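To start, the structure itself, in structure tokens.
The values are calculated or read from the model by the stated rules, or taken from the named source; none is laboratory data. As the structure is a computational prediction, the values presented were derived from the model and not from experiment. So basically every Cβ, Gly included, is an ideal-geometry build from the backbone, and we count neighbours across all protein chains shown. Note: areas computed on protein heavy atoms with side chains; ligands, DNA, RNA excluded. Shrake-Rupley method; radii C 1.70, N 1.55, O 1.52, S 1.80 Å.
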Amino acid sequence: MSKGILLVNLGSPDSTEVEDVRTYLREFLMDGKVIDSPWLIRKMIVELFILPKRPIQSAEAYKKIWIKDGSPLIIYSKILQQKVQEQLDFPVGLAMRYKNPSIEFGLQELYDKGVRDILVVPLYPQYTMSTTETVADKVLEVQKKKFKDVKVNFLKAFYKHPDYIKILGDSIKENLPENYDKLLFSYHGIPERHDKKALRAAKVSKLPIETYRNQCLETTELVAEYLQLPKDKYYTSFQSRLGKDPWIKPYTDETLEHFPEEGVKNLAVCTPAFVADCLETLEEISMEGKEEFLKAGGEQFTYIPCLNDRQDWIDTLVKWFQGWENN
Ligand SMILES: C=CC1=C(C)c2cc3[nH]c(cc4nc(cc5[nH]c(cc1n2)c(C)c5CCC(=O)O)C(CCC(=O)O)=C4C)c(C)c3C=C
Ligand SMILES: [Fe+2]
Ligand SMILES: [Fe+2]
């Protein structure tokens, strides 16, 4: 059976127009694995509390990071896809969980090239229901509807894969200033409830399901070990919280605010929940986060870019995909 790869990332609005941002946020936040309330309650939260104002703020934020060809998240993902494709002789497609190119489009493109056995690659190092799980749900929904003769497989979360830890560690080392007080690992947060659900599922299924928070902490520890960082030189926090429910802690914004009074004046920040730079890294961390930190008395803020199209990242994906194809 002819094999192919489908890379999947989260997705961005089609443009920075408020209406496009609203449509994107509606699709994203109405996903029951992102806001996990019953449909009617979710609909009320999204339509009455989030969509009237948030798209206006988010559109302004997107305008600050948008590049000539579009959203950085999509452009970096496309470059990654092209560069990986150049090194492989079987098709590599790209899709976004929300908006475009859609998962249906990505599967159709591979199908039209004769692919009947697909490795779906959620571009998230750590797994949780609002990312990896929802990608799998959508792929399987479309496969059952339109591509019954296609076999789908999923790449497992790779946060502790030694190849990934090495690339992440090397990317940090190359960007770390000589004299820094602390290296902050800032991961996208999730509501605490999502991790509690994961723990319950692990108990019921007796599968070794790890909470998202623990996967993030483990990612940090493995990189710290690889880079031989002393314990007092690094810290982990969680960003991007939305709404009033408790999210996993500590929060990045509070951490950035308190660091200077604790003597952390020269800070470096990396964001290992993302493999491609996006709104959450470029705007929330390297613009807003930097401003907050400097306002609180910080002196130097270094943002360490995501893996994007690093050659070692491309080579590693190529190696993993060749291994799968030869199996
Ligand atoms: C309940 C809300 C959200 C959960 C849970 C969530 C989890 C989650 N998200 C990412 C990765 C990305 N999120 C991005 C943007 C973004 N995230 C949320 C909300 C939740 N995310 C919103 C509302 C937005 C949109 C922007 C905004 O209005 O603030 C992005 C960037 C997209 C882009 O176009 O650049 C990414 C990537 C992960 C990894 C994750 C769980 C671990
Ligand atoms: Fe998010
Ligand atoms: Fe954000």
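Summary of computed values
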| quantity | calculated |
| --- | --- |
| Residue under evaluation residue 189, criteria (1) touching a Pro at 6+ places or on another chain (Cβ under 8 Å); (2) within 16 Å of ligand 2 (Cβ to nearest atom), criterion not met | (1) |
| Positions within segment 254-266 being aliphatic (A, V, I, L, M) and under 22 Å from the mean Cα position of the chain (by Cα), in sequence order | 256 |
| All positions within segment 62-73 that are open to solvent by less than 20 Å² (accessible area, probe 1.4 Å) and either acidic (Asp, Glu) or within 18 Å of residue 307 (Cβ to Cβ) (or both) | 65, 71, 72, 73 |
| Inter-residue pairs, beta-carbon under 6 Å, first in contact (Cβ under 8 Å) with a residue 24 or more places away in the chain and farther than 16 Å from residue 226 by Cα and in segment 149-161, second part of a loop (DSSP other than H, G, I, E, B) and open to solvent by 30 Å² or more (accessible area, probe 1.4 Å), 6+ apart | 150/116; 157/127 |
| Leading residue by the ranking (nearest to ligand 1 (Cβ to nearest atom)) among those in segment 287-310 that are more than 18 Å from residue 234 (Cα to Cα) and free of Cβ contacts under 8 Å to residues at least 24 places away in the same chain | 288 |
| Those strands (runs of 3 or more DSSP E) lying entirely in segment 93-197 with at least 3 residues hydrophobic (A, V, I, L, M, F, W, C) | 117-122, 182-188 |
| From the options 304, 314, residue that is away from ligand 3 (no atom under 16 Å from the Cβ) and within 18 Å of residue 8 (Cα to Cα) | 314 |
| Index of the failed condition, residue 243 passing every other in (1) modelled with pLDDT of 95 or more; (2) at positive phi | (1) |
| Members of segment 190-241 found to be aromatic (Phe, Trp, Tyr) and within 12 Å of ligand 1 (Cβ to nearest atom), listed by number | 212, 238 |
| Subset tally (residues that are open to solvent by less than 30 Å² (accessible area, probe 1.4 Å), touching a Pro at 6+ places or on another chain (Cβ under 9 Å) and either assigned to a loop (DSSP other than H, G, I, E, B) or hydroxyl-bearing (Ser, Thr, Tyr) (or both)) for segment 12-31 | 3 |
| Filtered residues of segment 217-275 (kept if open to solvent by less than 70 Å² (accessible area, probe 1.4 Å), of a type outside the set (A, V, I, L, M, F, W, C) and either in contact with a Cys (Cβ under 9 Å, 6 or more places away or on another chain) or within 16 Å of ligand 2 (Cβ to nearest atom) (or both)) | 236, 237, 239, 240, 243, 251, 252, 253, 271, 272 |
| Matching residues, segment 235-271, being in contact with a Gly (Cβ under 8 Å, 6 or more places away or on another chain) and not in a strand (DSSP E or B) | 240, 241, 248, 252, 253, 256, 259, 260, 261, 264, 265 |
| Restricting segment 267-286 to residues that are closer than 19 Å to residue 224 by Cβ and either among the aliphatic types (A, V, I, L, M) or more than 12 Å from ligand 1 (Cβ to nearest atom) (or both), the residue that is nearest to the chain's Cα centre (by Cα) | 273 |
| Residue in segment 195-206 that is charged (D, E, K, R) and either surrounded by 12 or more Cβ atoms within 10 Å (Cβ to Cβ) or touching a residue at least 60 places away in the same chain (Cβ under 8 Å) (or both) present | yes |
| Hits in segment 32-41 (condition: near ligand 1 (Cβ under 10 Å from one of its atoms) and either in contact with a helix residue (DSSP H, G or I) (Cβ under 6 Å, 6 or more places away or on another chain) or in a helix (DSSP H, G or I) (or both)) | 33, 34, 35 |
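A quick yes/no check of all residues on (1) buried (at least 22 other Cβ atoms within 10 Å of the Cβ); (2) of a type in the set (Gly, Ala, Ser); (3) touching a helix residue (DSSP H, G or I) at 6+ places or on another chain (Cβ under 6 Å):
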site	(1), (2), (3)
87	no, no, yes
97	yes, no, yes
112	no, no, no
116	no, no, no
121	yes, no, no
125	yes, no, no
135	yes, no, no
149	no, no, no
